[in-house]
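Novice: Sending over a structure as structure tokens; questions will come in a sec.
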Amino acid sequence: MGEKIIGIDLGTTNSVVSVVVGGEPVVIQNQEGNRITPSVVSWTKEKEILVGEPAKRRAILDPQNTVYESKRFIGRKYEEVKDIANKVSYKVVPDEKGDAAFDIPNAGKLVRPEEVGAHILRKLKEAAEQYLGEEVKKAVITVPAYFNERQRQATKMAGKLAGLEVVRVLNEPTAAALAYGLDKKKEAKILVYDFGGGTFDVSILEGGDGVIEVKATAGDAFLGGANIDERIMEWLIEEFKKETGIDLRQDRTALQRLKEAAEQAKKELSFKMETEISLPFITIDPETKQPLHLQKKLTRARLEQMIEDIVDRTIEIVKRALADAKLKPEDIDDIVLVGGSTRIPLVQKKIKEFFGKEPHKGVNPDEVVAVGAAIQGSILSGEKKDVLLIDVTPLSLGIETMGGAMTVLIPRNTPIPVRKCETFTTVRDYQTEVEIKVYQGESPIAKENKFLGSFILSGIPPAPRGVPQIEVCFDIDADGILHVTAKDKATGKSQSITIQPSSGLTEEEVQKMLEEYEKHKEEYERKKKLVELKNQLDQLVYPIEKLLREAADKFTPEEQKELQQLVAESRKVIDEATEPEEVEKQIQKVQQIASKYSEKLYKLAQEEKKDNEDKKDNKGDDAIDAKPVD
Ligand code: AMP
């Protein structure tokens, strides 16, 4: 048996550490005797660094020197998180490399998100050492499934700074599935509903006989318990304003106290029907100079009214994940709850209504991810037999083909590692080069997706269009790195490119694109149809053009004129048409006129088609747009 590997859920709001002892996962208490440690770090004037509960308490007194939700900034460029930066009480700035960092007056220097993470991890590591009575050197740390390579690397760095070797960066939903015991089931599908302090994530996993596979993921990076706290705060502020005319929004300290009271009230309403919010001396009346107090009663029913739309939003995201996994609610065997916000009775009620059954209550929602990480740790240390873990691609990956179309090689939510190949051909006669442009996204128009990179495969032996066979392969390895290769089957010549996941989209961009896609689904379908019809028209016109070029003598001058006009008109439609109907009309026209010359045209078209079929095995119609040959 190897040395102990602890499991850490380094959460946005709270963190938890666990370890498997004697085959059973144990959640370790921290130095204050709590199983949950707030992910908060605070710097005092004396340069003392406080972590966890004591730091969270200081957030009210010293908001500029207290960092919370630092996970939102880890591995991120300042530019990417500018908007979130304005929402926190401490100062977020770009460091010399443009990465997000914190300007903490009491620290006397820029503090990086990795350092904040390291302080939290070190506290948890020490708690584990105290519990185990031995030094701990290795850990499994969990991250959201959406984290990109940079965010994962930065999380590893945080571990290193804390003196921990991070042996695995594990996705949170996979950890939850391990804690649930999905790997030990015969065959089951579960949905992990993770509603934490700042984020909402849903994942559908399938498992059985030692394998766990992520089928689909969806989420909202800015939907969590904090949104609920804000609703309560807003309500308190408005009520107070009605009574006193004073707007507490201007008072930072009052805001912090309101935030804490709001969260407290919310938690109490998870097991009580009514609660009293009491904030004495919340502010001073500017006229009478007398202290003012805030005292309010909040019922569970009132809270549920305030937050129903938030909970409904989570169900909408659940529906999206189910649609992606091509599953119906009744296909899900169990719903595993993760995150403190799943304790809210309305959340459980809505889940029950939607799925028609109670969510699984086996594992504590605050601890389930850390427990899963500990189980993964025990697997890696050799204590437990290995379980295969598979992740998915959040967005489709493909290349640009004829007419600017996005041809998908790996659809979104495909489990990785994965390898997919397809054979393409050229658009123009005697084209000796093709440019492979790689995109990520759901639009049928390549340019509307995120461009990831491109390369040119040259040296293709000159041949009529449709003849060369270019095999394009997409390979995503277990680390999420994408390798794209194009090979000319005739010569064996190949070219390739490697794309790091970090050059892809950020979590929010993925989210935004998926939302865009949902919103404009019909429009996308229309665009796709437009490209397809244009390609169809091109296929029809091309042999006519070729005939006119190579065998004009087979036609009378009038015939030539008619056909030339038809070609010119069709080319204009291909270039300019914006509506599928326009193209459809032109296709009909071409078919009608062409039927007059059917014998001549079809003979040629037939020859060409046969030629292509002989040489291609699949996807014969997808042609890669040429890079103009110099
Ligand atoms: P997590 O990120 O999983 O640690 O979840 C933290 C969030 O859960 C915070 O917004 C907490 O306020 C919230 N939370 C914790 N306990 C409860 C509870 N009993 N009822 C409602 N929300 C809770």
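The values are calculated or read from the model by the stated rules, or taken from the named source; none is laboratory data. Just so we're clear, the structure is a prediction, and the values are computed from it rather than from any experiment. Counting neighbours? That spans all protein chains shown, and the Cβs are built from the backbone with ideal geometry, glycine included. Each accessible area value is taken on the protein alone, full model and side chains, heavy atoms only, with ligands, DNA and RNA left out. Shrake-Rupley method; radii C 1.70, N 1.55, O 1.52, S 1.80 Å.
Novice: What's the number of the only condition in (1) within 14 Å of the ligand (Cβ to nearest atom); (2) open to solvent by less than 30 Å² (accessible area, probe 1.4 Å); (3) at pLDDT 95 or above that ARG231 fails to meet?
Specialist: All conditions pass for ARG231, except number (2).
Novice: If you don't mind, there's one more thing I want to ask. Whether any residue in segment 379-394 is within 21 Å of the chain's Cα centre (by Cα) and in a loop (DSSP other than H, G, I, E, B) is what I want to check.
Specialist: yes
Novice: Which one of ALA568, ALA577, ALA552 is at pLDDT 85 or above and exposed (fewer than 15 other Cβ atoms within 10 Å of the Cβ)? First the steps, then the outcome.
Specialist: Details: ALA577 fails: exposed (fewer than 15 other Cβ atoms within 10 Å of the Cβ); ALA552 fails: at pLDDT 85 or above.
After ruling out the rest, the residue left standing is ALA568.
Novice: Determine which single condition THR199 fails, assuming it passes every other condition in (1) in contact (Cβ under 8 Å) with a residue 40 or more places away in the chain; (2) more than 16 Å from the ligand (Cβ to nearest atom).
Specialist: THR199 satisfies all of (1) in contact (Cβ under 8 Å) with a residue 40 or more places away in the chain; (2) more than 16 Å from the ligand (Cβ to nearest atom) except (2).
Novice: Would you mention how many residues in segment 305-338 are open to solvent by less than 50 Å² (accessible area, probe 1.4 Å) and either in a helix (DSSP H, G or I) or without any contact (Cβ under 8 Å) to a residue 12 or more places away in the chain (or both)? Steps first, please.
Specialist: First pass over segment 305-338, keeping only residues open to solvent by less than 50 Å² (accessible area, probe 1.4 Å): 306-307, 310-311, 314-315, 317-318, 320-322, 324-325, 327, 329, 332, 334-338.
Right, trim to either in a helix (DSSP H, G or I) or without any contact (Cβ under 8 Å) to a residue 12 or more places away in the chain (or both) and you get 306-307, 310-311, 314-315, 317-318, 320-322, 324, 329.
So the answer is 13.
Novice: Output the residue which, of all residues in segment 424-439 that are open to solvent by 10 Å² or more (accessible area, probe 1.4 Å) and either within 29 Å of the chain's Cα centre (by Cα) or not assigned by TED's automatic domain parsing to the domain that holds GLY459 (or both), is farthest from ASP475 (Cα to Cα).
Specialist: Among those that are open to solvent by 10 Å² or more (accessible area, probe 1.4 Å) and either within 29 Å of the chain's Cα centre (by Cα) or not assigned by TED's automatic domain parsing to the domain that holds GLY459 (or both), it is GLU435.
Novice: Here's another thing I want to ask about it. Here is a list: PRO144, PRO173. Which entry is surrounded by fewer than 23 Cβ atoms within 10 Å (Cβ to Cβ), under 18 Å from THR414 (Cα atoms) and within 16 Å of the ligand (Cβ to nearest atom)? Don't jump to the end; show me each part of the working.
Specialist: On the way: PRO173 fails: surrounded by fewer than 23 Cβ atoms within 10 Å (Cβ to Cβ).
Answer to the selection: PRO144.
Novice: To continue, here is another question. Restricting to segment 341-367, and then to whatever is open to solvent by 50 Å² or more (accessible area, probe 1.4 Å) and in a loop (DSSP other than H, G, I, E, B), can you tell me which residue is nearest to the ligand (Cβ to nearest atom)?
Specialist: For segment 341-367, the residue satisfying everything is ASN364.
Novice: Let me ask another. So, in segment 245-274, exactly how many residues are in contact with a strand residue (DSSP E or B) (Cβ under 6 Å, 6 or more places away or on another chain) and either part of a helix (DSSP H, G or I) or polar (S, T, N, Q) (or both)?
Specialist: Qualifying residue count for the region: 5.
Novice: State whether the residues of segment 387-397 include one that is at pLDDT 85 or above and buried (at least 17 other Cβ atoms within 10 Å of the Cβ). Step through it out loud before you land on a result.
Specialist: Applying the first criterion (at pLDDT 85 or above) to segment 387-397 yields 396-397.
Of the ones still in play, those that are also buried (at least 17 other Cβ atoms within 10 Å of the Cβ) are 396-397.
Yes.
Novice: Could you list, in sequence order, all residues of segment 269-292 that are more than 46 Å from the chain's Cα centre (by Cα), of a type in the set (Asp, Glu) and open to solvent by 60 Å² or more (accessible area, probe 1.4 Å)?
Specialist: Of everything in segment 269-292, just one residue is more than 46 Å from the chain's Cα centre (by Cα), of a type in the set (Asp, Glu) and open to solvent by 60 Å² or more (accessible area, probe 1.4 Å), namely GLU287.
Novice: I'd like the residue in segment 4-26 that is part of a loop (DSSP other than H, G, I, E, B) and of a type outside the set (Ser, Thr, Tyr) and, out of all such residues, is farthest from ALA221 (Cα to Cα).
Specialist: Step one: of segment 4-26, the residues part of a loop (DSSP other than H, G, I, E, B) are 4, 11-13, 22-23.
Next, from what is left, pick out any that are of a type outside the set (Ser, Thr, Tyr): 4, 11, 22-23.
Numbers: LYS4: 33, GLY11: 13, GLY22: 37, GLY23: 34 Å.
Checking each candidate, the answer is GLY22.
Novice: If you don't mind, there's one more thing I want to ask. Can you say whether GLU80 is open to solvent by 10 Å² or more (accessible area, probe 1.4 Å), in a helix (DSSP H, G or I) and at pLDDT below 95, as far as the supplied structure shows? Write out each step before concluding.
Specialist: Values: open to solvent by 10 Å² or more (accessible area, probe 1.4 Å): yes; in a helix (DSSP H, G or I): yes; at pLDDT below 95: yes.
Yes, satisfied.
Rundown of residues vs (1) open to solvent by 20 Å² or more (accessible area, probe 1.4 Å); (2) in the same structural domain as LEU547 (by TED's automatic domain parsing); (3) in a strand (DSSP E or B), yes/no style:
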| site | (1), (2), (3) |
| --- | --- |
| GLY403 | yes, no, no |
| THR407 | no, no, yes |
| ASN413 | no, no, no |
| ARG419 | yes, no, yes |
| GLU422 | yes, no, yes |
| GLU442 | yes, no, no |
| LEU452 | yes, no, yes |
| PRO468 | no, no, no |
